[in-house]
Every structure is written in structure tokens, then in C-alpha cells.
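Novice: I have a structure here, written as C-alpha cells, and I will follow up with some questions on it.
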Amino acid sequence: MADAVADTLDSGRHLLVQAGTGTGKSLGYLAPALIRLTQRPADRILIATATLALQSQLANNDIPAALDAVEQVSGKRPTFAILKGRTNYACLLRVRDQAGDDQAALIPASDLVAAIKAAPAATPESALGAEVLALREWAEREDNVGGLADRDDAPSHTERGWQQVSIPVRECLGVQRCPHGSSCFVERSRDVARAADLVVTNHALLAINAMHGGTALPEHSAAIIDEAHELVSRVTGAASAELSPQTVERVGRRALTFLEDDLALELLESADALRAALDASPLQRVEDPDSAFVAACSVVRNVTRQVVSALAGGDDKQEPEKRQAAAAVKEVFDIAERMAALGARDVVWVAERERSGREARVAPLSVSDLMRRSVFAERTTVLTSATLKLGGDFDRVATSVGLRT
Ligand code: SF4
């Protein structure tokens, strides 16, 4: 395997390689990749995994071991960095300003102290309050020492606690507009990755990078995709979206205070139009451009476009809430526009959740075109896994990921 990977990196072609669990698969690609980096210091190689578990195994065990061996042989030691999704790092806007999507769910610092004092016994409120305080103090310490505030290094916490100090992609103000942009941990993690020879990331970030014209990851000369049997589902997941009346109402409530009454009302009414259309639609794929569902998506698209333009302008650093509301509305606009278009490369359908009711979903019909255009056409790629051969050969997986038409 190591020879095949080395040949592939030299030839600029692509490689599908299967290696059973426990056979040293990761060393089979790390050794040739690291040797190549010692010979070509201007290159950068990306490794993408499906799971955080494999990322940690690479970061804590396999890469340090491979680096020791490469250093012994070559006298050189390439650098490496782990690059994760935004929600894996603390967000200083949340930590310091408690700004966020659902304000009722975020706890101001003064209330945290009050909650702990008022409930000294181990109640859920005091436990969450203490947890969030500890996370905020840890994030500030990380900032003081130039750390990354990576969730893996955080004090023990629950999912709910972490939500108080991290931010989803759609909520991020962007480094230029954020009052804490100059110390942003996510931006720091990207700087560290841009300075590293080997970068370990995940399939979803690889997909986002492909969809957004290469802005999510640092430039790299080759990519090694481990756990490649998961690639199609992870890329499909990253390229899919959902839209529900509740989502439109939620972003509408956030934008209300910044809007004229008429436009605010129109936005909330578009949620009702979407709800009525979803309730009248069968639970199946939508293919009719004249359907009530497509008409409702067009209504949501048109009103959210107006809202985005009404929320533009002003001093973003002074009004982070307004900027976040605009970003949330823009996301709804993008999804409604995509659904209303019923594009040839998408499939749109009406689904139902047991607790929240009906919603619309959109997913790419196939990710092979995206992968072919934005990953395989750009650089040498190695795909590996313990289970890549389906039916005895690589044909099916090569077609599904876009290596073969
Ligand atoms: S730029 Fe985004 S992630 Fe960074 S601190 Fe600001 S809001 Fe948080």
C-alpha cells in the first residue's frame, strides 16, 4: 500500500486502496505522504476522515509515531495540524457577549452566578451554570495563552453546556465583522493549518471546501481520504438542507426588531404559507414547478430576499445581533431559492418529523459531479478504507464518488 500511495503521489493520478482493519492502513499512507513532504517542503497534503475518533487516533498516535520514524530516516520533521468544523471550537462572541440563535437558551454570566448561588445542591440548573462558567473561564485562558479552545481540550461538559460557548456556521459574524474577530479561535485554527505541512480534517469540511470554491481549507497538493466508504453519505449530508415553517418563524422572530412592521408581518406570514403548502403536499418527491409547495417556497424566497436587503448596512461590530439575524435569514433565502428552483441536480421532497411536523428537504441527486469537478480535477487523491470493494471490485465505489462516469 505504501508503494502504491508513493507512486500515486508521484504520478498525479488517483488511487483506490482497500486495507483491512488493524493492518496498519494509516501508516501505509502516512509514511509515503510524510516522506514526500520532506522532499517537497512547499507541498501540503490533506488527510480527511469521516469520524472524530480516527482524527484523534491519527493526531495522538499514528502521526507522532510516523513523524518519529521519518525524522530518524530523513532528519526532517514535517509539521501537522488538525482542522475541525466551527462548532468544535469555542466562540468568543458567545463566551463574552452571549449572542446567539435562541436567546432564551443562552445564559448571561450574572444569571449563571445567581443560579449557582441559589441552587447550591446538585440541581440541573446549578450543574449547567457551573459547567458553563468553567467553559467560559477555560476559553478566556485559552485566549490568553494563544490556544485554540478545541472542544477536546475543554473541561468536562455536556452538549447543552457546549452550545453556550460555541456557534453554528450560520451564526458566525465573520472575522471582519465580529468584535472578537482578531482573537477568533476558528480563525486561529485555520492559521495554524495554513502553516502546517500535513492537515487532518473531515469529509464534511472537504465537501464544504468543494462547494465553496476552496475557501474552507488551506491549499493542498494531494488529498488522502480515509474511511472513504463514508464519503458519499458525508458529502451528501453536507450538501443537503431542510426548511420548515418553524425555521422561518424562528429567524423571523430574530429579525423582527430590525424590520418595519409590514415586512416583519410578511416574513411571518410566509411561514404560514409554507406550512399550508406542506400540509397539502403528499409525503414524496416534489417535481411539479407549478405546485403549491414551489409557490410557497417562492414566497419565502422573495420575502427573505427583501429582509436580507433591509438588514444590510450599519455598523456590524456595534450591532452583532442584527448581523446574526441577517445571516440566519440569508440561509433561509438560499434554501428557499434552491427548493423553488427544483434544479436538475437536486432532489426535493416533503417529509414529516414525529415531533415537529412537516418540512421540506433538498439533497444533491449525486455527489459524483461535485467531487469530480472540485476534488479529483484539482489534485491527486487517494481513497482508502477497510471496505471499498463492493461485489469484489472498485467499480461501484469509483462511480459513486465520481472517479468513473
Ligand atoms: S468570528 Fe465567528 S466564530 Fe469567531 S468569535 Fe466571531 S462569531 Fe465567533
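The values are calculated or read from the model by the stated rules, or taken from the named source; none is laboratory data. Computed from a predicted model, the values in this text were never measured in an experiment. No Cβ is skipped: glycine too gets one built from the backbone with ideal geometry, and neighbour counts run over all protein chains shown. Please note that ligands, DNA and RNA were not included when accessible areas were found on the heavy atoms of the full protein model with its side chains. Shrake-Rupley method; radii C 1.70, N 1.55, O 1.52, S 1.80 Å.
Novice: Search the range 334-352 for residues being open to solvent by 70 Å² or more (accessible area, probe 1.4 Å) and in contact with a helix residue (DSSP H, G or I) (Cβ under 8 Å, 6 or more places away or on another chain), and hand back the single one that is nearest to the ligand (Cβ to nearest atom).
Specialist: 337
Novice: Hey, among 149, 154, which residue is out of contact with any strand residue (DSSP E or B) (no Cβ under 9 Å at 6 or more places or on another chain), at pLDDT 95 or above and small (Gly, Ala, Ser)? Write out each step before concluding.
Specialist: Numbers: 149 fails: out of contact with any strand residue (DSSP E or B) (no Cβ under 9 Å at 6 or more places or on another chain).
When all the criteria are applied, what remains is 154.
Novice: Separate question: Yes or no: residue 376 in contact with a His (Cβ under 7 Å, 6 or more places away or on another chain) and either away from the ligand (no atom under 16 Å from the Cβ) or not assigned by TED's automatic domain parsing to the domain that holds residue 292 (or both)? Spell out how you get there, then give the answer.
Specialist: On the way: in contact with a His (Cβ under 7 Å, 6 or more places away or on another chain): yes; either away from the ligand (no atom under 16 Å from the Cβ) or not assigned by TED's automatic domain parsing to the domain that holds residue 292 (or both): yes.
For residue 376, the condition - in contact with a His (Cβ under 7 Å, 6 or more places away or on another chain) and either away from the ligand (no atom under 16 Å from the Cβ) or not assigned by TED's automatic domain parsing to the domain that holds residue 292 (or both) - is met.
Novice: Quick one: count up the residues across the range 132-183 that are in a helix (DSSP H, G or I) and not aromatic (Phe, Trp, Tyr). Reasoning before the result, please.
Specialist: First, pick out the residues of the range 132-183 that are in a helix (DSSP H, G or I): 132-144, 151-153, 159-163, 169-171, 181-183.
Right, trim to not aromatic (Phe, Trp, Tyr) and you get 132-137, 139-144, 151-153, 159-161, 163, 169-171, 181-183.
Result for the range 132-183: 25.
Novice: What single numbered condition from (1) under 30 Å from residue 231 (Cβ atoms); (2) open to solvent by 50 Å² or more (accessible area, probe 1.4 Å) fails to hold for residue 355?
Specialist: Unmet for residue 355, out of (1) under 30 Å from residue 231 (Cβ atoms); (2) open to solvent by 50 Å² or more (accessible area, probe 1.4 Å): (1).
Novice: Taking residue 174, is it within 30 Å of residue 314 (Cα to Cα), over 17 Å from the mean Cα position of the chain (by Cα) and surrounded by fewer than 20 Cβ atoms within 10 Å (Cβ to Cβ)? Give the derivation first.
Specialist: Values: within 30 Å of residue 314 (Cα to Cα): yes; over 17 Å from the mean Cα position of the chain (by Cα): no; surrounded by fewer than 20 Cβ atoms within 10 Å (Cβ to Cβ): yes.
So residue 174 does not fit the description; no.
Novice: Among the residues of the range 303-333, how many are assigned to a helix (DSSP H, G or I) and either free of Cβ contacts under 8 Å to residues at least 24 places away in the same chain or within 16 Å of the ligand (Cβ to nearest atom) (or both)? Steps first, answer last, please.
Specialist: As a first pass, look at the range 303-333 and keep what is assigned to a helix (DSSP H, G or I): 303-311, 320-333.
Now narrow it down to the ones that are either free of Cβ contacts under 8 Å to residues at least 24 places away in the same chain or within 16 Å of the ligand (Cβ to nearest atom) (or both): 309, 320-328, 330-331.
Qualifying residue count for the region: 12.
Novice: For residue 98, state whether it is at pLDDT below 95, closer than 14 Å to residue 30 by Cα, of a type outside the set (A, V, I, L, M) and in contact with a helix residue (DSSP H, G or I) (Cβ under 9 Å, 6 or more places away or on another chain).
Specialist: Values: at pLDDT below 95: yes; closer than 14 Å to residue 30 by Cα: no; of a type outside the set (A, V, I, L, M): yes; in contact with a helix residue (DSSP H, G or I) (Cβ under 9 Å, 6 or more places away or on another chain): yes.
Judged against the criteria, residue 98 is not a match.
Novice: Identify all residues within the range 72-87 that are within 16 Å of the ligand (Cβ to nearest atom) and crowded, with 22+ Cβ neighbours inside 10 Å; write none if there are none.
Specialist: Looking only at the range 72-87, we keep the residues that are within 16 Å of the ligand (Cβ to nearest atom), and these are 83-87.
Correct list: 83 only.
Novice: Pairs only if they're at least six apart or on different chains, beta carbon under 9 angstrom, first in the range 341-369 and assigned by TED's automatic domain parsing to the domain that holds residue 280 and part of a strand (DSSP E or B), second among the acidic types (Asp, Glu) and open to solvent by less than 20 Å² (accessible area, probe 1.4 Å); list them, first residue then second.
Specialist: Partner pairs satisfying both residue conditions: 350/359; 351/359; 352/359; 353/359.
Novice: Search the range 155-174 for residues being among the hydrophobic types (A, V, I, L, M, F, W, C) and farther than 17 Å from residue 142 by Cβ, and hand back the single one that is farthest from the ligand (Cβ to nearest atom). I'd like the intermediate steps shown before the answer.
Specialist: Start the filter on the range 155-174 by keeping residues that are among the hydrophobic types (A, V, I, L, M, F, W, C), which leaves 162, 165, 167, 169, 172-173.
Filter once more, so that each one left must be farther than 17 Å from residue 142 by Cβ: 169, 172-173.
Numbers: 169: 9, 172: 3, 173: 4 Å.
The residue in question is 169.
Novice: Return the residue satisfying two criteria in turn: it lies in the range 175-208 and is within 7 Å of the ligand (Cβ to nearest atom) and modelled with pLDDT under 90, and of such residues it is nearest to residue 370 (Cα to Cα).
Specialist: Among those residues, the one meeting the criterion is 175.
Novice: Here is a follow-up. Taking interchain pairs and intrachain pairs at least six residues apart, which have beta carbon atoms under 6 angstrom, with the first residue in the range 151-180 and in contact (Cβ under 8 Å) with a residue 40 or more places away in the chain and the second away from the ligand (no atom under 15 Å from the Cβ) and among the β-branched types (Val, Ile, Thr)?
Specialist: 164/132
Novice: Moving on to the next point. Could you grab me the full set of residues in the range 44-65 that are under 25 Å from residue 378 (Cα atoms) and open to solvent by 30 Å² or more (accessible area, probe 1.4 Å)?
Specialist: Selection gives 44, 51.
Novice: What helices (runs of 4 or more DSSP H) lie completely within the range 196-298 and have 1 or more residues being under 30 Å from residue 37 (Cβ atoms) and either of a type in the set (Gly, Ala, Ser) or open to solvent by less than 30 Å² (accessible area, probe 1.4 Å) (or both)? Steps first, please.
Specialist: Working: elements: 203-211, 231-238, 245-255, 261-280.
Here the list reads 203-211, 231-238.
Novice: If you go through the range 384-398 one residue at a time, do you hit one that is within 23 Å of residue 216 (Cβ to Cβ), open to solvent by 20 Å² or more (accessible area, probe 1.4 Å) and not in a helix (DSSP H, G or I)?
Specialist: No - not one qualifying residue is present in the range 384-398.
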